[in-house]
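The structure appears below as structure tokens.
The values are calculated or read from the model by the stated rules, or taken from the named source; none is laboratory data. For clarity, every value in this text was computed on a predicted model and none was experimentally measured. When we count neighbours, we look across all protein chains shown, and the Cβ atoms used for this are built from the backbone with ideal geometry, even at glycine.
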């Protein structure tokens, strides 16, 4: 298992197929472009005034649903995504170019979570594009700072930082019906028999190593359709990490109906015990899954002629659980239409697919928060703060008026007082984002 993701890799036909359904990535929206310091120059016009243009907006990080995709494979080897920076403003009041948005495609059903709290930021299910991180606004050019008393402003604002964060992408497939059961029970055969999906089918355990989706259409007058997912084979201990199924149990979460496939031929052991085993694993993973409606599909009815010892016990167990049971043969297609009709009638009585509501609460950002962090190394005091970072970008340190404004901001917002509390004395060095000066009380 690779850190931060869950995957299943296997070889088929000489190439590697990988199912990725959980990954943690870092995203950062683009910073805004800087405003320009410029003055209008034209023949016969000696005092043209400031004409510095504004910076452009940084690119957003936008999520969109990728139709037809059912894996997060695109995010296996690349974990860092940054949108472009806005263009800087220029002379003649020219506005910097806005950066292009960075669009990340994810499969339908991907849940975006905060890695620390696990809270849901967005469920990318049946929705439009979602802005995950907003780009920073561009800084103002010096044209905005001209006043009757300050007619030659030699400073402009720097662009604002774009939002950045780490997020977890967790894929929970959108399927009406989830096929569950032991390996080799015939789940893939059922999916292939009723839909256009073509999963690999073979008579051995763990043939299916990644979930498969298929659309089932009954046609006729009703035209009813539903989506069915073949969940890879579960085994005893799957809820605790054994076998292949534990990585894909999350895909059952959204299924409105569970189709419990059991080998009625007896070739894979007692059918009743097999049903109990799978239900036990579902309960250990999430007790709520046992409350999900189930239909028992007793498959391979055509294999063993001596079925009497299994039929009645399975019927009795299904009746005791209140689960409808249909005896079928996926290989021959016998009774498959009966099964599909029962599924459609059952789905009509159930709620729609679950869409998780966002419950992530972003940390509050206090407007006008001018707090700073001060640390001392020998005789040098290092000062940091988000507002200070933005302030530094708007200061022209070669201009006396701009420097006076910088000093006023430090005093008004308590930076000088905070330095004195930390023991700063005349002559000590103060460093604010690589700008150093001697402290004077």
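So the values come out like this:
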{"read-out": "Residue check, residue 281 within 18 Å of residue 184 (Cβ to Cβ), touching a helix residue (DSSP H, G or I) at 6+ places or on another chain (Cβ under 7 Å) and in a helix (DSSP H, G or I)", "value": "yes"}
{"read-out": "Among the candidates 341, 247, residue that is at pLDDT 90 or above, surrounded by 14 or more Cβ atoms within 10 Å (Cβ to Cβ) and in the same structural domain as residue 215 (by TED's automatic domain parsing)", "value": "341"}
{"read-out": "Residue ID - farthest from the chain's Cα centre (by Cα), chosen from residues in the stretch 41-67 that are exposed (fewer than 11 other Cβ atoms within 10 Å of the Cβ) and either outside any strand (DSSP E or B) or touching a residue at least 40 places away in the same chain (Cβ under 8 Å) (or both)", "value": "44"}
{"read-out": "Search result, residues across the stretch 90-104 that are in a loop (DSSP other than H, G, I, E, B) and out of contact with any helix residue (DSSP H, G or I) (no Cβ under 9 Å at 6 or more places or on another chain)", "value": "91, 92, 95, 96, 97, 98, 99, 100, 101"}
{"read-out": "Failed condition for residue 416, given (1) surrounded by 12 or more Cβ atoms within 10 Å (Cβ to Cβ); (2) touching a strand residue (DSSP E or B) at 6+ places or on another chain (Cβ under 8 Å); (3) farther than 26 Å from residue 137 by Cα; (4) free of Cβ contacts under 8 Å to residues at least 40 places away in the same chain", "value": "(2)"}
{"read-out": "Residue count, the stretch 129-149 (criterion: in a loop (DSSP other than H, G, I, E, B) and under 14 Å from the mean Cα position of the chain (by Cα))", "value": "1"}
{"read-out": "Condition check for residue 408: closer than 30 Å to residue 178 by Cα and without any contact (Cβ under 8 Å) to a residue 12 or more places away in the chain", "value": "no"}
{"read-out": "Selected residue (criterion: surrounded by the most Cβ atoms within 10 Å (Cβ to Cβ)) from residues of the stretch 116-140 that are closer than 24 Å to residue 32 by Cβ and modelled with pLDDT under 90", "value": "139"}
{"read-out": "Test: residue in the stretch 255-262 that is surrounded by 14 or more Cβ atoms within 10 Å (Cβ to Cβ), more than 24 Å from residue 327 (Cβ to Cβ) and at pLDDT 85 or above", "value": "no"}
{"read-out": "Selected residue [buried (at least 22 other Cβ atoms within 10 Å of the Cβ), touching a strand residue (DSSP E or B) at 6+ places or on another chain (Cβ under 7 Å) and not in a strand (DSSP E or B)] from 156, 175", "value": "175"}
{"read-out": "Test: residue 318 is in a strand (DSSP E or B), in contact with a strand residue (DSSP E or B) (Cβ under 9 Å, 6 or more places away or on another chain) and either at pLDDT below 90 or crowded, with 18+ Cβ neighbours inside 10 Å (or both)", "value": "no"}
{"read-out": "Identity of the residue in the stretch 423-441, touching a strand residue (DSSP E or B) at 6+ places or on another chain (Cβ under 7 Å) and surrounded by fewer than 13 Cβ atoms within 10 Å (Cβ to Cβ), that ends up nearest to residue 386 (Cα to Cα)", "value": "436"}
{"read-out": "Subset of the stretch 68-82 (residues that are in contact with a strand residue (DSSP E or B) (Cβ under 9 Å, 6 or more places away or on another chain) and either surrounded by fewer than 14 Cβ atoms within 10 Å (Cβ to Cβ) or not in a strand (DSSP E or B) (or both))", "value": "68, 69, 70, 71, 72, 73, 74, 75, 76, 78, 79, 80"}
{"read-out": "Within the stretch 251-308, tally of residues that are within 19 Å of residue 177 (Cβ to Cβ), more than 30 Å from the chain's Cα centre (by Cα) and without any contact (Cβ under 8 Å) to a residue 12 or more places away in the chain", "value": "0"}
